[in-house]
Amino acid sequence: MNHVFPPAASASVPVTGSAQRFPVHRIYCVGRNYAEHAREMGASGREAPFFFMKPADAVLPAPADASAAMPYPPQTADLHHEVELVLALGRGGSDIAPEDAAAHIWGYAVGLDMTRRDLQAQAKKLGRPWCTAKGFDASAPIGAITPAARAGDIDDAEITLSVNGALRQSGRIAQMIWNCAEVISHLSRLWTLQPGDLVFTGTPAGVAAVARGDRLRAEVTGLEALSIEIV
């Protein structure tokens, strides 16, 4: 194909125990999918899930056993962490039934939905989209993807985030309001999902601000940990 300039390299994420990489198609994110975090952000109960997106090249891949450097983004004084389980889809489709959703999951990873909270608050107040708050460069740090067959019992896994060695967020995947299968099913009614899609599934309570020099470690039982430093 004759492009007017060389196209950018595709975004991709490392895979545990392999030299292969997982190519990223789109990044979908679920809002307020843990009850305590929903209450923390002003919602309650089992409201229907809602979604937002990040650009594919917002991923900041961190190799196993190494830390990635995340630049503190411009135009914010209130950068927040949100630790999340990430689903990596290996099959696409639309109108996927919950009972069929597991077959679409290629693997799992630990991710961070980094958020310019002050810009998000402004957008909410004005009834505007969250793009500037959620979709900035390097706003989606992610650890190496573990193939589903090697991930163990994800539904019973613990999810945690520590900042400079102090625990900030802690929960269990079983506490999600909408489980992984339900999230995929809901998404597939709105978009035709594709291989390479990443789905950030929501965060437990305890989101808070970070500053330059902070070191974050995100973990989900059975998966590669994710470590980043804010620079």
Tell me, what ³J(HN,Hα) does each residue in segment 117-124 have, in order and in whole Hz, if you take phi through Karplus 6.51 cos²θ - 1.76 cosθ + 1.60 with θ = phi - 60° and put x for Gly and Pro?
5, 5, 5, 5, 4, 5, 5, 4
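Taking loop as defined by DSSP and a crowding limit of 14 other beta carbons within 10 Å, which chymotrypsin sites (Phe, Trp or Tyr not before Pro) in segment 145-203 fit?
Hits after loop and neighbour filter: Trp191.
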For segment 1-121, which semi-axes, largest first and in whole Å, follow from the square roots of 5 times the eigenvalues of its Cα gyration tensor?
26, 22, 16
Would you mind counting up the charge near Ala66? Only other residues with Cβ under 14 Å from its Cβ, with Lys and Arg at +1 and Asp and Glu at -1.
-1
Which of Gly143, Gly165, Gly127 ends up with the largest GNM mean-square fluctuation for the chain, with Cα atoms connected below 10 Å?
Gly127
Please check which bits of segment 168-210 a label hung off Lys124 would reach, taking the label as a point 7 Å along Cα-to-C-beta and the cut-off as backbone N under 16 Å.
203-209
How far apart, in nanometres, would the label points at Glu47 and Arg189 be if each is projected 7 angstrom from Cα along the Cα-to-Cβ direction?
1.7 nm
√(5λ) per eigenvalue of the Cα gyration tensor, segment 57-168, largest first, Å
27, 20, 13
At q = 0.16 1/Å the base-10 log of I(q)/I(0) from the Debye formula over the alpha-carbon atoms of the chain is -1.13
Along segment 192-207, Karplus-curve 3J(HN,Hα) (6.51, -1.76, 1.60; θ = phi - 60°) to the nearest Hz, with x for Gly and Pro, reads 7, 6, 10, x, x, 6, 10, 10, 7, 9, x, 10, x, 5, x, 4
Would you grab the residues whose amide H sits under 5 Å from the one on Tyr34? Only those 5+ places off in sequence or on another chain, please, with H modelled 1.01 Å from N.
Ile177, Thr203
Distance in nm between Asp78 and Ala102 label points, each 7 Å along Cα→Cβ, equals 4.1 nm
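With a cut-off of 8 Å between alpha carbons and a minimum separation of six or more residues, what is the relative contact order of segment 1-150 in percent?
So the answer I get is 28 percent.
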Taking Cα centroids, how far is segment 109-135 from segment 53-103 in Å?
14 Å
Taking only Cα atoms and a 10 Å spring cutoff, compute GNM fluctuations for the chain and point out the largest among Pro98, Pro141, Pro61.
Pro98
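In whole percent, how big is the carbon plus sulfur part of the accessible area of the chain, probe 1.4 Å, protein atoms only?
51 percent
Kirkwood Rh and Cα-based Rg: tell me the resulting Rg over Rh for segment 123-172, rounded to two decimals.
Looking at segment 123-172, the ratio lands at 1.11.
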If you count only protein heavy atoms with a 1.4 Å probe, what accessible area per residue comes out for segment 131-231, rounded to a whole Å²?
39 Å²
Who wins for biggest fluctuation among Ala140, Ala166, Ala205 in a Gaussian network model of the chain, springs between alpha carbons below 10 Å?
Ala166
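The values are calculated or read from the model by the stated rules, or taken from the named source; none is laboratory data. Since we're looking at a predicted model, the values are computed, not measured. Reconstructed Cβ throughout: ideal geometry from the backbone, glycine too, with neighbour counts over all protein chains shown. Keep in mind that these areas ignore ligands, DNA and RNA; they rest on the heavy atoms of the full protein, side chains included. Shrake-Rupley method; radii C 1.70, N 1.55, O 1.52, S 1.80 Å.
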